[in-house]
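Written out below as C-alpha coordinates is the structure these notes cover.
The values are calculated or read from the model by the stated rules, or taken from the named source; none is laboratory data. From a predicted model like this one, the values you see are computed outputs, not experimental measurements. For neighbour counting, all protein chains shown are included, and Cβ atoms are generated from backbone atoms with ideal geometry for every residue, glycine included. Just so you know, the surface numbers come from the protein's heavy atoms only, side chains and all, with ligands and any DNA or RNA stripped out. Shrake-Rupley method; radii C 1.70, N 1.55, O 1.52, S 1.80 Å.
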Amino acid sequence: AIDQNWINETARTILGYTVGAGMLVLAERLHKRYHTFSSLLAGGAFGIFYLITAIAFHYYALFSQTTAFVILCATTVFMSGVSVLYDRKELAVPALVGGFIAPFIVSTDSSSIITLQTYISILNIGMFGLAMYKKWGILPIISFGFTYLILWGSTVASSFTVTEAATIHTELLGFSTLFYIIFLLPVVFILRTQCSSNMRGALLSVITANNFMYLLYGNYVLQECATTFAKGGLVAFFIAVINLSIYLYLRFRVEGQDTLRNFMLA
(Lines give C-alpha, C1' and ligand atoms only; values in the text may rest on other atoms or scores of the structure.)
Protein backbone atom coordinates (compact mmCIF):
# COMPACT_ATOMS: atom_id res chain seq x y z
CA ALA A 1 0.00 0.00 0.00
CA ILE A 2 2.90 2.35 0.77
CA ASP A 3 4.62 1.43 -2.53
CA GLN A 4 1.45 2.34 -4.38
CA ASN A 5 1.20 5.58 -2.36
CA TRP A 6 -2.25 4.66 -1.07
CA ILE A 7 -1.02 5.68 2.39
CA ASN A 8 0.54 9.13 2.49
CA GLU A 9 3.51 10.19 4.59
CA THR A 10 1.44 11.60 7.45
CA ALA A 11 -0.59 8.40 7.72
CA ARG A 12 2.61 6.31 7.67
CA THR A 13 4.00 8.33 10.57
CA ILE A 14 0.78 8.01 12.56
CA LEU A 15 0.72 4.25 11.93
CA GLY A 16 4.30 3.96 13.18
CA TYR A 17 3.53 5.78 16.42
CA THR A 18 0.36 3.70 16.81
CA VAL A 19 2.31 0.44 16.51
CA GLY A 20 4.79 1.68 19.13
CA ALA A 21 1.98 2.70 21.47
CA GLY A 22 0.33 -0.70 20.98
CA MET A 23 3.56 -2.45 21.95
CA LEU A 24 3.76 -0.29 25.09
CA VAL A 25 0.20 -1.18 26.08
CA LEU A 26 0.91 -4.88 25.54
CA ALA A 27 4.14 -4.62 27.54
CA GLU A 28 2.23 -3.03 30.43
CA ARG A 29 -0.35 -5.83 30.39
CA LEU A 30 2.34 -8.52 30.44
CA HIS A 31 4.88 -7.01 32.81
CA LYS A 32 3.80 -8.97 35.90
CA ARG A 33 3.84 -12.39 34.25
CA TYR A 34 6.55 -11.97 31.62
CA HIS A 35 9.07 -9.50 33.01
CA THR A 36 11.87 -9.93 30.45
CA PHE A 37 9.60 -10.26 27.42
CA SER A 38 7.59 -7.18 28.37
CA SER A 39 10.83 -5.22 28.76
CA LEU A 40 11.85 -6.24 25.25
CA LEU A 41 8.46 -5.11 23.95
CA ALA A 42 8.75 -1.76 25.70
CA GLY A 43 12.31 -1.25 24.45
CA GLY A 44 11.17 -2.07 20.91
CA ALA A 45 8.33 0.43 21.23
CA PHE A 46 10.68 3.24 22.17
CA GLY A 47 13.01 2.20 19.36
CA ILE A 48 10.09 2.61 16.96
CA PHE A 49 9.40 6.10 18.34
CA TYR A 50 13.01 7.13 17.68
CA LEU A 51 13.02 5.62 14.19
CA ILE A 52 9.68 7.06 13.11
CA THR A 53 10.65 10.52 14.36
CA ALA A 54 13.93 10.35 12.42
CA ILE A 55 12.14 9.28 9.22
CA ALA A 56 9.41 11.93 9.61
CA PHE A 57 12.07 14.63 10.08
CA HIS A 58 14.69 13.64 7.52
CA TYR A 59 12.63 12.07 4.74
CA TYR A 60 9.09 13.39 5.09
CA ALA A 61 9.89 16.84 6.54
CA LEU A 62 6.78 16.63 8.71
CA PHE A 63 8.55 18.10 11.76
CA SER A 64 10.80 21.05 12.26
CA GLN A 65 14.16 20.34 13.89
CA THR A 66 12.94 21.79 17.19
CA THR A 67 9.74 19.73 17.16
CA ALA A 68 11.58 16.51 16.33
CA PHE A 69 14.14 17.13 19.06
CA VAL A 70 11.40 17.83 21.63
CA ILE A 71 9.66 14.57 20.65
CA LEU A 72 12.90 12.61 21.08
CA CYS A 73 13.63 14.25 24.45
CA ALA A 74 10.07 13.52 25.62
CA THR A 75 10.52 9.90 24.53
CA THR A 76 13.75 9.65 26.53
CA VAL A 77 12.15 11.19 29.63
CA PHE A 78 9.08 8.95 29.32
CA MET A 79 11.26 5.87 28.89
CA SER A 80 13.27 6.83 31.98
CA GLY A 81 10.02 7.30 33.90
CA VAL A 82 8.80 3.84 32.88
CA SER A 83 12.12 2.30 33.93
CA VAL A 84 11.78 3.90 37.39
CA LEU A 85 8.10 3.04 37.73
CA TYR A 86 8.63 -0.64 36.97
CA ASP A 87 12.20 -0.80 38.37
CA ARG A 88 13.69 -1.90 35.04
CA LYS A 89 17.35 -1.15 34.53
CA GLU A 90 17.14 -2.76 31.10
CA LEU A 91 14.92 0.14 29.99
CA ALA A 92 17.01 2.85 31.64
CA VAL A 93 20.09 1.84 29.66
CA PRO A 94 18.54 2.22 26.16
CA ALA A 95 16.81 5.38 27.36
CA LEU A 96 20.21 6.85 28.23
CA VAL A 97 21.71 5.71 24.93
CA GLY A 98 18.71 7.14 23.08
CA GLY A 99 19.21 10.41 24.89
CA PHE A 100 22.78 10.62 23.64
CA ILE A 101 21.95 9.81 20.01
CA ALA A 102 18.86 12.05 19.87
CA PRO A 103 20.76 15.23 18.84
CA PHE A 104 22.39 13.37 15.96
CA ILE A 105 19.09 11.96 14.72
CA VAL A 106 17.88 15.51 14.08
CA SER A 107 21.27 17.12 13.42
CA THR A 108 21.89 19.55 10.57
CA ASP A 109 25.00 21.33 9.36
CA SER A 110 23.93 24.40 11.32
CA SER A 111 23.75 22.61 14.66
CA SER A 112 25.60 24.44 17.45
CA ILE A 113 28.37 22.66 19.33
CA ILE A 114 27.63 24.74 22.44
CA THR A 115 23.93 23.83 22.31
CA LEU A 116 24.96 20.18 21.99
CA GLN A 117 27.23 20.35 25.05
CA THR A 118 24.51 22.11 27.05
CA TYR A 119 22.12 19.27 26.25
CA ILE A 120 24.75 16.64 27.14
CA SER A 121 25.35 18.42 30.46
CA ILE A 122 21.64 18.30 31.36
CA LEU A 123 21.45 14.65 30.31
CA ASN A 124 24.46 13.73 32.47
CA ILE A 125 23.07 15.49 35.55
CA GLY A 126 19.75 13.68 35.10
CA MET A 127 21.61 10.43 34.56
CA PHE A 128 23.48 10.68 37.84
CA GLY A 129 20.33 11.60 39.73
CA LEU A 130 18.62 8.49 38.35
CA ALA A 131 21.69 6.34 39.09
CA MET A 132 21.75 7.47 42.73
CA TYR A 133 17.99 7.14 43.17
CA LYS A 134 17.76 3.60 41.77
CA LYS A 135 21.34 2.53 42.61
CA TRP A 136 22.08 1.67 38.96
CA GLY A 137 25.86 1.97 38.69
CA ILE A 138 25.89 0.99 35.02
CA LEU A 139 24.46 4.38 33.99
CA PRO A 140 27.53 6.53 34.85
CA ILE A 141 29.75 4.05 33.00
CA ILE A 142 27.70 4.26 29.80
CA SER A 143 27.33 8.01 30.11
CA PHE A 144 31.08 8.48 30.56
CA GLY A 145 31.88 6.69 27.30
CA PHE A 146 29.29 8.55 25.22
CA THR A 147 30.10 11.95 26.74
CA TYR A 148 33.80 11.95 25.93
CA LEU A 149 33.20 10.36 22.53
CA ILE A 150 30.78 13.16 21.63
CA LEU A 151 32.96 15.85 23.23
CA TRP A 152 36.07 14.86 21.30
CA GLY A 153 34.22 14.08 18.08
CA SER A 154 32.24 17.32 17.96
CA THR A 155 35.34 19.40 18.81
CA VAL A 156 37.60 17.82 16.21
CA ALA A 157 34.91 17.76 13.50
CA SER A 158 33.85 21.40 13.98
CA SER A 159 35.52 24.28 12.19
CA PHE A 160 35.61 27.78 13.67
CA THR A 161 36.62 31.16 12.35
CA VAL A 162 39.55 32.95 13.99
CA THR A 163 37.19 35.23 15.92
CA GLU A 164 35.01 32.33 17.08
CA ALA A 165 37.79 29.95 18.08
CA ALA A 166 38.98 31.60 21.30
CA THR A 167 35.46 32.11 22.70
CA ILE A 168 34.14 28.68 21.75
CA HIS A 169 37.21 26.86 23.07
CA THR A 170 36.90 28.73 26.36
CA GLU A 171 33.27 27.61 26.62
CA LEU A 172 34.26 24.05 25.73
CA LEU A 173 36.85 24.13 28.51
CA GLY A 174 34.05 25.10 30.90
CA PHE A 175 31.85 22.23 29.71
CA SER A 176 34.69 19.71 29.95
CA THR A 177 35.35 20.87 33.52
CA LEU A 178 31.67 20.33 34.33
CA PHE A 179 31.84 16.83 32.83
CA TYR A 180 34.98 16.15 34.86
CA ILE A 181 33.18 17.05 38.09
CA ILE A 182 30.12 14.97 37.12
CA PHE A 183 32.24 11.88 36.50
CA LEU A 184 33.95 12.26 39.85
CA LEU A 185 30.52 11.83 41.46
CA PRO A 186 30.77 8.01 41.26
CA VAL A 187 32.88 8.51 44.41
CA VAL A 188 29.61 9.47 46.11
CA PHE A 189 27.91 6.43 44.56
CA ILE A 190 30.58 4.10 45.96
CA LEU A 191 30.35 5.67 49.43
CA ARG A 192 26.56 5.52 49.65
CA THR A 193 25.65 2.39 47.72
CA GLN A 194 26.34 -1.28 48.29
CA CYS A 195 27.55 -2.54 44.93
CA SER A 196 29.25 -5.69 43.68
CA SER A 197 33.02 -5.91 43.39
CA ASN A 198 32.76 -5.86 39.58
CA MET A 199 30.60 -2.72 39.58
CA ARG A 200 32.87 -1.08 42.13
CA GLY A 201 35.88 -1.85 39.96
CA ALA A 202 34.14 -0.43 36.89
CA LEU A 203 33.25 2.79 38.72
CA LEU A 204 36.83 3.15 39.98
CA SER A 205 37.96 2.75 36.37
CA VAL A 206 35.62 5.57 35.32
CA ILE A 207 36.97 7.83 38.08
CA THR A 208 40.55 7.12 37.03
CA ALA A 209 39.95 7.40 33.27
CA ASN A 210 38.05 10.64 33.86
CA ASN A 211 41.22 12.27 35.21
CA PHE A 212 43.24 11.34 32.14
CA MET A 213 40.50 12.18 29.62
CA TYR A 214 40.01 15.61 31.16
CA LEU A 215 43.78 16.16 31.25
CA LEU A 216 44.07 15.42 27.52
CA TYR A 217 41.00 17.34 26.42
CA GLY A 218 41.53 20.25 28.81
CA ASN A 219 45.09 20.79 27.61
CA TYR A 220 43.93 20.52 23.98
CA VAL A 221 41.28 23.26 24.21
CA LEU A 222 43.23 25.39 26.69
CA GLN A 223 45.93 25.95 24.08
CA GLU A 224 43.28 27.52 21.83
CA CYS A 225 41.99 29.87 24.53
CA ALA A 226 43.08 33.50 24.56
CA THR A 227 44.85 33.95 27.90
CA THR A 228 47.54 36.31 29.14
CA PHE A 229 49.15 33.84 31.55
CA ALA A 230 51.23 30.70 31.16
CA LYS A 231 48.92 27.72 30.58
CA GLY A 232 51.29 24.79 30.83
CA GLY A 233 50.45 22.48 33.71
CA LEU A 234 47.32 24.38 34.74
CA VAL A 235 44.89 21.53 34.03
CA ALA A 236 47.19 18.97 35.69
CA PHE A 237 47.48 21.14 38.79
CA PHE A 238 43.70 21.56 38.96
CA ILE A 239 43.21 17.78 38.72
CA ALA A 240 45.79 17.21 41.44
CA VAL A 241 44.08 19.68 43.81
CA ILE A 242 40.67 18.07 43.27
CA ASN A 243 41.97 14.54 43.83
CA LEU A 244 43.95 15.61 46.88
CA SER A 245 40.87 17.30 48.36
CA ILE A 246 38.82 14.12 47.92
CA TYR A 247 41.65 12.05 49.39
CA LEU A 248 41.88 14.26 52.48
CA TYR A 249 38.11 14.04 52.96
CA LEU A 250 38.24 10.24 52.75
CA ARG A 251 41.30 10.13 54.98
CA PHE A 252 39.87 12.12 57.87
CA ARG A 253 36.08 11.81 57.50
CA VAL A 254 35.39 8.32 56.14
CA GLU A 255 36.37 5.04 57.71
CA GLY A 256 37.44 2.17 55.50
CA GLN A 257 37.37 2.71 51.72
CA ASP A 258 41.12 2.07 51.51
CA THR A 259 41.02 1.21 47.80
CA LEU A 260 39.09 4.34 46.85
CA ARG A 261 41.34 6.50 49.02
CA ASN A 262 44.49 5.05 47.42
CA PHE A 263 43.06 5.63 43.94
CA MET A 264 42.48 9.30 44.72
CA LEU A 265 45.94 9.69 46.21
CA ALA A 266 47.60 8.01 43.20
* **Evaluated over the stretch 100-222, the Cα radius of gyration and Dmax, each in Å** => 15.3, 50
* Asked: So how tilted is helix 234-253 from the main axis of the chain? Cα-based, degrees 0 to 90, rounded to 10.
  -> 90
* To do: Over the Cα atoms of the stretch 167-219, compute the convex hull volume and normalise it per residue, giving Å³.
  => 55
* Asked: How much of the accessible area of the stretch 118-194, in percent, comes from carbon and sulfur atoms when a 1.4 Å probe is used?
  -> 69
* the stretch 90-227, accessible area per residue, ligands and nucleic acids excluded (1.4 Å, Å²) -> 44
* Per Stokes-Einstein, at 37 °C and 0.692 mPa s, what whole-number D in µm² s⁻¹ belongs to the stretch 6-85, with the Kirkwood radius over Cα pairs as the hydrodynamic radius? -> 248
* Tilt of helix 9-30 relative to the longest C-alpha principal axis of the chain, in degrees (0 to 90, nearest 10)? -> 70
* Asked: So how much slack lies between T67 and F212, counting 0.36 nm per residue of separation and subtracting their Cα-Cα distance, in nm?
  -> 48.4 nm
* To do: Extending each Cα 7 Å along its Cβ direction at F252 and K134, get the distance between those two points in nm, one decimal.
  => 3.9
* Asked: For the stretch 202-266, what % of the accessible area comes from carbon and sulfur atoms, probe 1.4 Å?
  -> 62
* To do: Measure nothing but the geometry: give the 0 to 90° angle between the long axis through the Cα atoms of 89-105 and the longest principal axis through the Cα atoms of the chain, rounded to 10°.
  => 90
* **Loop-located chymotrypsin sites (Phe, Trp or Tyr not before Pro) in the stretch 1-64 whose Cβ has at most 12 other Cβ within 10 Å (DSSP)** => W6, Y59
* Structure fact -> accessible surface per residue for the stretch 36-76, probe 1.4 Å, DNA/RNA/ligands not counted, whole Å² -> 47
* Asked: In a solvent-free Debye calculation with one equal scatterer on each Cα, what is log10 I(q)/I(0) for the stretch 57-156 at q = 0.23 Å⁻¹, listed in the order of the q values?
  -> -1.23
* Structure fact -> Filtered pair list for the chain (Lys only, Cα < 20 Å, 8 or more apart or interchain) has a length of 4
* Nearest 0.05, what FRET efficiency do L26 and Y60 give at R0 = 30 Å with Cβ-Cβ as r? -> 0.65
* **For the stretch 99-147, convex hull of alpha carbons as volume per residue, Å³** => 65
* the stretch 1-88 - percent of accessible surface contributed by carbon and sulfur, probe 1.4 Å -> 66
* **FRET efficiency, 1/(1 + (r/R0)^6) with R0 45 Å, evaluated for R33 and S245 via beta carbons** => 0.30
* How big is the convex hull of the Cα atoms of the chain, per residue, in Å³? -> 138
* Structure fact -> With -39,500 (n - 2.57) per DSSP H segment of 4 or more residues and division by the full residue count of the chain, the 222 nm estimate, nearest 500 deg cm²/dmol, is -26500 deg cm²/dmol
